[in-house]
Each structure stands twice: as structure tokens, then as C-alpha cells.
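Take a look at the structure below.
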């Protein structure tokens, strides 16, 4: 059993985030030592690592919680996990398309910019309705 600082180091999840996950019921509350300090098992650290990986992949916290719950079932539900990942992937693709449109719009706006000109075409274009 390890303290919260070591659990944070091993999992890569910040101490305040660990406490938040506990308050929100995303992970179970850990055991307590006689001095009331939190004690974490290797299973607890594994849960935290799992959540960190999900968050690093851009899953929302509710999605990460669902995936964690699916992973802890005796017979993991691959179909449900895959469906959730496919929905997330579609969302990522949509955001990428939006970012490409944004980049194109900014490229067009800044293409008309020249140093030393008193009237900025980009700002004029942004003012248009």
C-alpha cells in the first residue's frame, strides 16, 4: 500500500485529480491508515493509469468512467467499448475538419496582410457582416 503522492507518481495523475475522482465516485475511496492518510493498492494505481490513458486519448470523464467500468467487469464488453470509441473517433474527425476550415479561413484572412500598411485588410474583413 502506498500514499497518494506515490500513487500520483506511479499513475501520472495529479494528487488533486485523484482526490476529485474519489469525490465524484469515479474511483472508489481508498483504504485509510491509522493516521487517516489515504493508502492505495496496485489496483487503485491501475485504475488511475487507465483513466489517464483514456483522458490522454481525449475521452470525456464520463466516457472514461464507462470504459473503466467496462474494463472491470468479469467478462469485458468489447462491443460497448468499441461503440464508444467509434463515436469518439467520429467526434475527433469532426473537430479535425472544423480545424482545417478554421486554418483555411485564417490563411485567407492573413494572405492580404502586408507590413507597413495603415489599413489592415484582415481587420476590415472581420468587421464585415
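Residue under question is residue 99, and the condition is that it be farther than 30 Å from residue 27 by Cβ, surrounded by 10 or more Cβ atoms within 10 Å (Cβ to Cβ) and modelled with pLDDT of 95 or more; does it hold? So that I can check it myself, show each step before the final result.
Details: farther than 30 Å from residue 27 by Cβ: yes; surrounded by 10 or more Cβ atoms within 10 Å (Cβ to Cβ): yes; modelled with pLDDT of 95 or more: yes.
The answer is yes for residue 99.
Look through 49, 93 and report the one residue that is free of Cβ contacts under 8 Å to residues at least 60 places away in the same chain, part of a helix (DSSP H, G or I) and loosely packed, with under 12 Cβ neighbours inside 10 Å.
Details: 49 fails: loosely packed, with under 12 Cβ neighbours inside 10 Å.
Matching residue, one of 49, 93: 93.
Go through (1) within 30 Å of residue 126 (Cα to Cα); (2) in contact with a strand residue (DSSP E or B) (Cβ under 8 Å, 6 or more places away or on another chain) one by one and return the number of the condition residue 6 breaks.
(1)
What is the residue count in region 25-44 for residues that are under 18 Å from the mean Cα position of the chain (by Cα) and touching a residue at least 12 places away in the same chain (Cβ under 8 Å)?
Going residue by residue through region 25-44, those that are under 18 Å from the mean Cα position of the chain (by Cα) are 25-27.
After this cut, where a residue has to be touching a residue at least 12 places away in the same chain (Cβ under 8 Å) as well, the list is 26-27.
Looking only at that region, the number is 2.
Kindly indicate which of 86, 6 is exposed (fewer than 14 other Cβ atoms within 10 Å of the Cβ), in a helix (DSSP H, G or I) and not assigned by TED's automatic domain parsing to the domain that holds residue 121. Talk me through it step by step, then tell me what you get.
On the way: 86 fails: not assigned by TED's automatic domain parsing to the domain that holds residue 121.
So the residue among 86, 6 that is exposed (fewer than 14 other Cβ atoms within 10 Å of the Cβ), in a helix (DSSP H, G or I) and not assigned by TED's automatic domain parsing to the domain that holds residue 121 is 6.
Quick check: is even one residue across region 70-77 in contact with a strand residue (DSSP E or B) (Cβ under 9 Å, 6 or more places away or on another chain), within 30 Å of residue 95 (Cα to Cα) and either in the same structural domain as residue 93 (by TED's automatic domain parsing) or free of Cβ contacts under 8 Å to residues at least 60 places away in the same chain (or both)?
Checked region 70-77: no residue is in contact with a strand residue (DSSP E or B) (Cβ under 9 Å, 6 or more places away or on another chain), within 30 Å of residue 95 (Cα to Cα) and either in the same structural domain as residue 93 (by TED's automatic domain parsing) or free of Cβ contacts under 8 Å to residues at least 60 places away in the same chain (or both).
When the residues of region 31-44 are narrowed to those that are assigned to a loop (DSSP other than H, G, I, E, B) and at pLDDT 90 or above, which ends up surrounded by the most Cβ atoms within 10 Å (Cβ to Cβ)? Write out each step before concluding.
Start the filter on region 31-44 by keeping residues that are assigned to a loop (DSSP other than H, G, I, E, B), which leaves 33-37, 41.
Cutting the leftovers down to at pLDDT 90 or above gives us 35, 37, 41.
Values: 35: 5, 37: 11, 41: 13.
Once the filter is applied, the top-ranked residue is 41.
The values are calculated or read from the model by the stated rules, or taken from the named source; none is laboratory data. Everything numeric in this text was worked out from a predicted model, so none of it was measured. Using ideal geometry, Cβ is built from the backbone for each residue, glycine included, and neighbour counts are taken over all protein chains shown.
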